[in-house]
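The values are calculated or read from the model by the stated rules, or taken from the named source; none is laboratory data. All values reported here derive from a predicted model rather than from experimental measurement. Neighbour counts run over all protein chains shown; Cβ positions are idealised from the backbone, glycine included.
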Amino acid sequence: MKKRIGIIGGGQLGLMIAQAAHRLDAFVTALDPSPDAPAFAEADARIVGAFDDLAALERLCEASDVVTYEFENVPGDILRHLEGKYNIKQGIAPLFDSQDRLREKDNARMHGLEPPRYRAVPAIDDVPLDAEACAALSPQSRLLHLGMSVGKIGMPCVLKTRTLGYDGHGQAIIRDMEDMEKAADLLSVPCILEEMVDFDFECSVIMVSDGKDIIHFPVSRNIHRDGILDLCIVPASGLQNGGGENDLCRRITASCESFMKSCSYRGILAIELFVKGDRFYFNEMAPRPHNSGHWTIEGCTTSQYMELCHFLLGLPLKRPELISPAVMKNILGQDLDAAKTVVAESLVGAGPGIEVSASEDVDNAFCGEAGKGVYVHLYGKTQSRPKRKMGHITFVPMTPERYYSGWAARFV
Ligand SMILES: Nc1ncnc2c1ncn2[C@@H]1O[C@H](COP(=O)(O)OP(=O)(O)OP(=O)(O)O)[C@@H](O)[C@H]1O
Ligand SMILES: [Mg+2]
């Protein structure tokens with residue numbers, strides 16, 4: 001009988017988990033509130049339900065031998081209820097720890113990773129105000145609270161809502177008084193204020209642990225635009241020495257692995273870091289496959305999705321090796337037409353019987369090689385918007401120099 005994997009969340013991460021699970025002959029059920037969620041196209045069974053709909057979540061768990069999550073904001077009390085009853089193999093601890101930026105950074109420090117300097121705000125005598133107290137603050141007192149914290153952290157700094165932020169949403173950079181007045185609006189909910197790290201570059205470490213062995217993927221260098229991941233480059237310059245990891249990279253991966261062990265997390269964990277000189281700072285973590293690991297599907301001997309599934313199915317983990325230098329380009333709404341054109345061009349050359357002349361002929365969902373070493377993944381989201389993640393392209397083999405001189409100009 002096939003092993004049954006349940007996925008809480010049906011976005012692109014769920015889609016790619018389901019693709020890997022199918023390669024291991026598992027049966028996949030996904031749950032998502034949206035009837036046209038990308039993962040539903042790949043899943044064997046689907047449950048349309050909200051992430052706080054306990055009955056729907058229980059149906060998912062009952063239909064699965066093992067459950068994972070790709071969505072981070074399932075309410076904690078619901079998770080606690082499910083954890084005791086069903087096989088949520090990663091446990092809920094890493095999810096709970098990552099749901100609140102204050103808890104996440106306190107936890108990182110406690111387990112040996114250094115975040116940028118931060119403070120909870122609004123707070124009185126260093127005790128953070130709760131959501132209700134924040135909502136009751138007048139605009140003047142918000143500004144006063146922010147002013148006191150900015151005084152302690154210094155400018156420039158970044159104000160972030162503690163919960164529910166993603167892709168730069170719920171954040172404000174503060175460089176001067178004018179920014180401070182605009183940012184103070186965020187303080188109607190609990191926030192965290194962080195020093196702005198003048199980093200040399202960003203990178204991420206993706207690990208999978210089965211409680212005994214721990215593996216990590218080659219570290220990618222991540223380039224963000226407007227707070228959203230734009231490019232991943234592997235190997236990461238600054239972290240490589242000839243063919244292998246340099247000393248800094250080894251310190252980064254060893255610290256991340258030791259953090260994961262110290263927290264007793266199992267399954268998959270991605271850690272985003274800022275690198276400055278020979279120091280590195282913990283930015284945030286995600287106990288699920290990560291956008292900066294999409295490239296592992298074609299660029300590594302095994303992918304983040306496959307290793308998560310190995311863990312879920314109780315199969316031995318496989319240590320990933322880089323196949324060739326790779327570049328991953330995120331396709332946001334503004335780049336969707338360009339990505340479709342890349343696919344259309346490859347189909348034009350595909351031979352008799354296939355005629356594609358314009359980008360609109362390409363279905364929104366596509367997964368495959370569009371030209372040699374150009375792997376296009378379009379997630380099939382029915383609504384495209386600027387800044388919405390609609391797909392990605394992994395180029396392998398590819399160097400950043402070749403990407404910038406050849407491909408970059410095709411995208412916005
Ligand atoms: N303290 C900081 N110093 C410097 N840059 C920062 C800082 N915090 C955030 N940034 C920049 O903003 C980006 C997004 O921030 P962060 O990862 O906290 O938010 P997010 O909304 O959870 O993003 P995502 O969901 O895309 O990971 C970072 O990758 C980095 O480029
Ligand atoms: Mg981030």
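Tabulated data for the structure shown
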{"quantity": "T341 being under 18 Å from the mean Cα position of the chain (by Cα), buried (at least 16 other Cβ atoms within 10 Å of the Cβ) and either away from ligand 2 (no atom under 16 Å from the Cβ) or at pLDDT 95 or above (or both)", "calculated": "no"}
{"quantity": "Subset of the range 304-338 that is outside the structural domain of I223 (by TED's automatic domain parsing) and assigned to a helix (DSSP H, G or I) - its residue that is nearest to the chain's Cα centre (by Cα)", "calculated": "G333"}
{"quantity": "Residues within the range 308-329 that are away from ligand 1 (no atom under 16 Å from the Cβ), touching a Phe, Trp or Tyr at 6+ places or on another chain (Cβ under 8 Å) and not aliphatic (A, V, I, L, M), tallied", "calculated": "1"}
{"quantity": "Selected residue (criterion: farthest from P94 (Cα to Cα)) from residues of the range 214-270 that are surrounded by fewer than 20 Cβ atoms within 10 Å (Cβ to Cβ) and of a type in the set (K, R)", "calculated": "R225"}
{"quantity": "First in the range 269-291 and hydroxyl-bearing (S, T, Y), second anywhere and part of a strand (DSSP E or B) and within 14 Å of ligand 2 (Cβ to nearest atom), Cβ under 9 Å, 6 or more apart", "calculated": "Y281/L273; Y281/F274"}
{"quantity": "I268 vs. criteria away from ligand 2 (no atom under 15 Å from the Cβ), of a type outside the set (S, T, N, Q), outside any helix (DSSP H, G or I) and in contact with a His (Cβ under 7 Å, 6 or more places away or on another chain)", "calculated": "no"}
{"quantity": "Cβ pairs under 6 Å, 6+ apart, first in the range 151-172 and farther than 14 Å from A183 by Cβ, second among the charged types (D, E, K, R) and away from ligand 2 (no atom under 14 Å from the Cβ)", "calculated": "R162/D100; T163/D100"}
{"quantity": "Residue satisfying all of: in the range 179-205; within 13 Å of ligand 1 (Cβ to nearest atom) and farther than 15 Å from S149 by Cα; nearest to the chain's Cα centre (by Cα) among these", "calculated": "S204"}
{"quantity": "Residue list for the range 274-311, restricted to those being among the aromatic types (F, W, Y) and in contact with a Ser or Thr (Cβ under 7 Å, 6 or more places away or on another chain)", "calculated": "W295"}
{"quantity": "Residues located in the range 144-164, provided they are surrounded by fewer than 17 Cβ atoms within 10 Å (Cβ to Cβ) and either within 16 Å of ligand 2 (Cβ to nearest atom) or part of a helix (DSSP H, G or I) (or both)", "calculated": "L144, G147, M148, G151, K152, L164"}
{"quantity": "Residue within the range 362-370 that is β-branched (V, I, T), outside any loop (DSSP other than H, G, I, E, B) and modelled with pLDDT under 90 present", "calculated": "no"}
{"quantity": "Filter pass, F259 being among the aromatic types (F, W, Y), modelled with pLDDT of 95 or more and more than 16 Å from ligand 1 (Cβ to nearest atom)", "calculated": "yes"}
{"quantity": "Qualifying residues in the range 276-304 (those that are farther than 22 Å from M398 by Cβ and of a type in the set (A, V, I, L, M, F, W, C)) - the one farthest from ligand 1 (Cβ to nearest atom)", "calculated": "F280"}
{"quantity": "Matching strands (runs of 3 or more DSSP E) fully within the range 195-237 where at least 2 residues are in contact with a helix residue (DSSP H, G or I) (Cβ under 8 Å, 6 or more places away or on another chain) and more than 15 Å from ligand 2 (Cβ to nearest atom)", "calculated": "201-209, 214-216, 228-234"}
{"quantity": "Of residues in the range 165-179 being more than 15 Å from ligand 2 (Cβ to nearest atom) and of a type in the set (A, V, I, L, M), the one surrounded by the most Cβ atoms within 10 Å (Cβ to Cβ)", "calculated": "I174"}
{"quantity": "Single condition R101 does not satisfy, out of (1) basic (K, R); (2) within 16 Å of ligand 1 (Cβ to nearest atom); (3) under 15 Å from R266 (Cβ atoms)", "calculated": "(3)"}
{"quantity": "Residue check, A56 touching a residue at least 12 places away in the same chain (Cβ under 8 Å) and in contact with a Ser or Thr (Cβ under 8 Å, 6 or more places away or on another chain)", "calculated": "no"}
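Here is a yes/no grid of residues against (1) away from ligand 2 (no atom under 16 Å from the Cβ); (2) among the acidic types (D, E); (3) in contact with a Pro (Cβ under 6 Å, 6 or more places away or on another chain); (4) not assigned by TED's automatic domain parsing to the domain that holds V208:
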position: N241; (1), (2), (3), (4): yes, no, no, no
position: E245; (1), (2), (3), (4): yes, yes, no, no
position: F282; (1), (2), (3), (4): no, no, yes, no
position: A286; (1), (2), (3), (4): no, no, no, no
position: T302; (1), (2), (3), (4): yes, no, yes, no
